[in-house]
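Quick notes on the structure that follows.
The values are calculated or read from the model by the stated rules, or taken from the named source; none is laboratory data. Worth saying up front: this structure is predicted, and the values here are computed from it rather than measured. Don't worry about glycine lacking a Cβ; one is built from the backbone with ideal geometry, like all the others, and counts go over all protein chains shown.
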């Protein structure tokens, strides 16, 4: 999980890597006496020392913008002085990918961030300008062919690693976000139980002669809410949900309000009687006050040819019957 502290650590690592790369290019250009780029890389080394200080003070947006501009200008100058063959222009693609990732991270963490769409075109313009210039005039300095080939391979590997890494991150985030949204859509936020939309996908799998369906309704729940407040009601709902969740061999969901829908495939009503007693005997307490929480359960077996609505209505009728008989009971 990313945090602002982790982002700062990543920025430190990035600044350090860029500095190492510039040290390597400083030595390379010094060897072949490409003076403008020697001075440019000397500046870049000092530049990243300054960027490390910038990161330390939390100026991450300034670090992103400054680094983008430094790389864009540096690679444009490298192509201008040594030609297209060194592959420096490839970095202009990679830096755009990093730029958009930086914006994504900033937005995710609610940080002041850069708008990539305004900066990325600058890298594209430098890329196109470098291509045109390299076609119109020969390079002022020439690197040996083997060095150019090695540089092309190096920059290609750097950019591909960056792109593959970031795309993999986005793929992971997209899949996880989709799963979380799907889970939120199918689960009740308060209790964590599946909701009626999830249960709709379960019904076709459990409709058989041995199946039963039950609606459990907490008795006098509105009175408890009015007396002790909604926080108390929420605690009761979550506790009852946990009792239901622990029961094996059933499908359960929060049907709405203080109602829970339970489905099973066993032939007897023992599970419902057991759940009824466990809720009745649970030591509910709120702010030092013991609460008497009971539940009325209405259940119906599946009848051949019933629709889902008819089956639910049959269980609801038994629930209504249980309420009329005095509540706190199971009517099967």
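Structural remarks
- In the set (1) within 40 Å of the chain's Cα centre (by Cα); (2) surrounded by fewer than 20 Cβ atoms within 10 Å (Cβ to Cβ), the condition left unmet by residue 33 is number (1).
- Conditions (1) assigned by TED's automatic domain parsing to the domain that holds residue 299; (2) under 30 Å from the mean Cα position of the chain (by Cα); (3) buried (at least 19 other Cβ atoms within 10 Å of the Cβ); (4) not in a helix (DSSP H, G or I): number failed by residue 251: (3)
- Which numbered condition residue 52 misses (of (1) over 29 Å from the mean Cα position of the chain (by Cα); (2) surrounded by fewer than 19 Cβ atoms within 10 Å (Cβ to Cβ); (3) at positive phi): (3)
- Sub-9 Å Cβ pairs linking a first residue in region 223-243 that is in the same structural domain as residue 291 (by TED's automatic domain parsing) to a second residue that is assigned to a helix (DSSP H, G or I) and surrounded by fewer than 13 Cβ atoms within 10 Å (Cβ to Cβ), at least 6 apart or interchain, are 233/222, ordered by first then second residue.
- Residues of region 105-161 that are farther than 18 Å from residue 75 by Cβ and crowded, with 17+ Cβ neighbours inside 10 Å: 105, 106, 113, 114.
- Here residue 24 meets the list (1) under 37 Å from the mean Cα position of the chain (by Cα); (2) within 30 Å of residue 139 (Cα to Cα); (3) surrounded by fewer than 17 Cβ atoms within 10 Å (Cβ to Cβ) almost entirely, failing just condition (1).
- Scan region 258-283 for residues that are assigned to a loop (DSSP other than H, G, I, E, B) and surrounded by 18 or more Cβ atoms within 10 Å (Cβ to Cβ) and the total you get is 2.
- Tally of residues being in contact (Cβ under 8 Å) with a residue 60 or more places away in the chain and within 27 Å of residue 205 (Cα to Cα) across region 319-332: 3
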